[in-house]
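Novice: If you scroll down you'll find the structure; I have some questions about it.
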Amino acid sequence: MARQTYWKGYLKLSLVTAAVSLTPATTDSNQLRFHVLNRKTKNRVESRYVDGVTHKPIADKDQARGYPRGEDDYVILEDKELDGVGLESTKTIDIDTFVPRGSIDWIWYDKPHFLTPEDKVGTEAFCVIRESMKANDVVGVARLVLYRRERAVLLEPQGKGIILWTLHFGDEVRPPAATLDSHGKVDDTVLSMMKKLVKDRTEDWQPAMVQDPIQKRLRAMIRAKQKSLVKATPPSSKRPASKPTGNVVNIMDALKKSLAKETGRPKSR
């Protein structure tokens with residue numbers, strides 16, 4: 001299936017400019033979606049904005065954005081005012097700085113996109129920027145308006161292209177929890193057994209490892225309903241009660257049992 005271009009514009013580094021396009025590297029198009037219906041009429045249910053006091057529908061032209069400054073008191077901001085504080089150009093990725101590759105922790109990464117040149121003229125400039133980042137082992141940092149919001153983005157050379165990552169803003173990333181004692185003493189025998197367990201379970205990465213089993217079950221359920229055209233009784237959500245265990249778990253015994261199971265455990269395919 002052809003990938004749909006999400007954004008078109010220009011990649012710029014100083015005076016070097018290349019026409020580029022942006023395509024999301026991930027998709028949720030295969031995810032099942034449901035409509036909300038009126039159970040009696042089977043008609044789709046519509047949602048609309050209504051006045052919180054009068055409960056009357058509000059036309060688009062009468063809707064405005066407001067920042068609360070007190071109870072039932074707001075500062076009204078017009079669309080033109082909001083647009084005025086954004087980037088001067090929403091069609092240019094202007095790389096203004098570089099940082100060492102690998103210096104940004106994974107928690108800052110948001111969504112990946114494929115950045116590709118749009119024409120033959122821009123391909124040379126695109127390749128020069130990409131190869132220069134590779135040679136210096138750096139990634140570029142810029143800003144871009146995406147998904148109706150100005151975002152910090154990271155440009156990472158990869159293979160013959162560039163991956164553009166949207167980044168979380170500074171106030172979106174929480175500080176790490178510091179409640180765990182990471183300096184606790186580890187028994188050498190326990191560590192040796194755990195390392196063996198980890199090694200026995202190590203396999204080559206395959207996309208099948210992260211398939212969504214819920215989607216498969218939902219699709220099977222829908223197919224069954226389509227065939228029978230009879231409303232099926234939803235499966236019970238109750239799980240069989242597990243036998244109570246003691247509060248104290250002997251990690252050595254658990255590891256011995258785990259390693260014993262690994263001998264006959266088939267590798268996932």
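The values are calculated or read from the model by the stated rules, or taken from the named source; none is laboratory data. A quick note: this is a predicted structure, and the numbers were derived from the prediction, not measured. In this analysis, Cβ positions are derived from the backbone assuming ideal geometry, glycine residues included, and neighbour counts consider all displayed protein chains. The protein model used for the area step is the full one, side chains on, heavy atoms only, and it has no ligands, DNA or RNA in it. Shrake-Rupley method; radii C 1.70, N 1.55, O 1.52, S 1.80 Å.
Novice: Consider L115 carefully, then state whether it is under 26 Å from the mean Cα position of the chain (by Cα), outside any strand (DSSP E or B) and not small (G, A, S).
Specialist: The answer is no for L115.
Novice: Residues of the stretch 85-120 being β-branched (V, I, T), modelled with pLDDT under 90 and surrounded by fewer than 12 Cβ atoms within 10 Å (Cβ to Cβ), which ones?
Specialist: Matches in the stretch 85-120: V85 only.
Novice: Sticking with this structure for a sec: Output the residues belonging to the stretch 64-78 that are in contact (Cβ under 8 Å) with a residue 12 or more places away in the chain and either over 33 Å from the mean Cα position of the chain (by Cα) or not in a strand (DSSP E or B) (or both).
Specialist: Passing the criteria: A64, E78.
Novice: Pull out all pairs, ordered by first then second residue, where Cβ-Cβ is under 7 Å, the residues are six or more apart or on different chains, the first lies in the stretch 138-157 and is over 15 Å from V20 (Cβ atoms) and touching a residue at least 60 places away in the same chain (Cβ under 8 Å), and the second is in a strand (DSSP E or B) and open to solvent by 40 Å² or more (accessible area, probe 1.4 Å).
Specialist: Hits for this filter: E150/R143.
Novice: Ok, one more. Before we move on, is L32 part of a loop (DSSP other than H, G, I, E, B), touching a residue at least 40 places away in the same chain (Cβ under 8 Å) and surrounded by 10 or more Cβ atoms within 10 Å (Cβ to Cβ)? Write out each step before concluding.
Specialist: On the way: part of a loop (DSSP other than H, G, I, E, B): yes; touching a residue at least 40 places away in the same chain (Cβ under 8 Å): yes; surrounded by 10 or more Cβ atoms within 10 Å (Cβ to Cβ): yes.
Yes, satisfied.
Novice: If you check V53, V45, which single one turns out to be farther than 20 Å from W165 by Cα and either in contact with a strand residue (DSSP E or B) (Cβ under 9 Å, 6 or more places away or on another chain) or surrounded by 10 or more Cβ atoms within 10 Å (Cβ to Cβ) (or both)?
Specialist: Of the residues listed, the single one that is farther than 20 Å from W165 by Cα and either in contact with a strand residue (DSSP E or B) (Cβ under 9 Å, 6 or more places away or on another chain) or surrounded by 10 or more Cβ atoms within 10 Å (Cβ to Cβ) (or both) is V45.
Novice: Considering only residues that are exposed (fewer than 11 other Cβ atoms within 10 Å of the Cβ) and either in contact (Cβ under 8 Å) with a residue 40 or more places away in the chain or among the polar types (S, T, N, Q) (or both), which ones fall in the stretch 3-29?
Specialist: Answer for the stretch 3-29, where residues must be exposed (fewer than 11 other Cβ atoms within 10 Å of the Cβ) and either in contact (Cβ under 8 Å) with a residue 40 or more places away in the chain or among the polar types (S, T, N, Q) (or both): Q4, S14, T26, S29.
Novice: Any residue at all in the stretch 97-110 that is at negative phi, of a type outside the set (S, T, Y), part of a strand (DSSP E or B) and touching a residue at least 60 places away in the same chain (Cβ under 8 Å)?
Specialist: Quick first cut of the stretch 97-110, residues at negative phi only: 97-101, 103-110.
Okay, now just the ones that are also of a type outside the set (S, T, Y), so 98-101, 104-108, 110.
Still in the running and part of a strand (DSSP E or B): 98-100, 110.
In the following step, the residues that additionally are touching a residue at least 60 places away in the same chain (Cβ under 8 Å) were identified as none.
Looking for residues that are at negative phi, of a type outside the set (S, T, Y), part of a strand (DSSP E or B) and touching a residue at least 60 places away in the same chain (Cβ under 8 Å), one finds none in the stretch 97-110, hence no.
Novice: Determine if the stretch 167-185 includes at least one residue that is within 17 Å of R101 (Cβ to Cβ), in contact with a Pro (Cβ under 9 Å, 6 or more places away or on another chain) and at pLDDT 80 or above. It would help to see each step written out before you state the result.
Specialist: The initial filter retains those residues of the stretch 167-185 that are within 17 Å of R101 (Cβ to Cβ), namely 167.
Imposing the further condition that a residue be in contact with a Pro (Cβ under 9 Å, 6 or more places away or on another chain) reduces the set to none.
Looking for residues that are within 17 Å of R101 (Cβ to Cβ), in contact with a Pro (Cβ under 9 Å, 6 or more places away or on another chain) and at pLDDT 80 or above, one finds none in the stretch 167-185, hence no.
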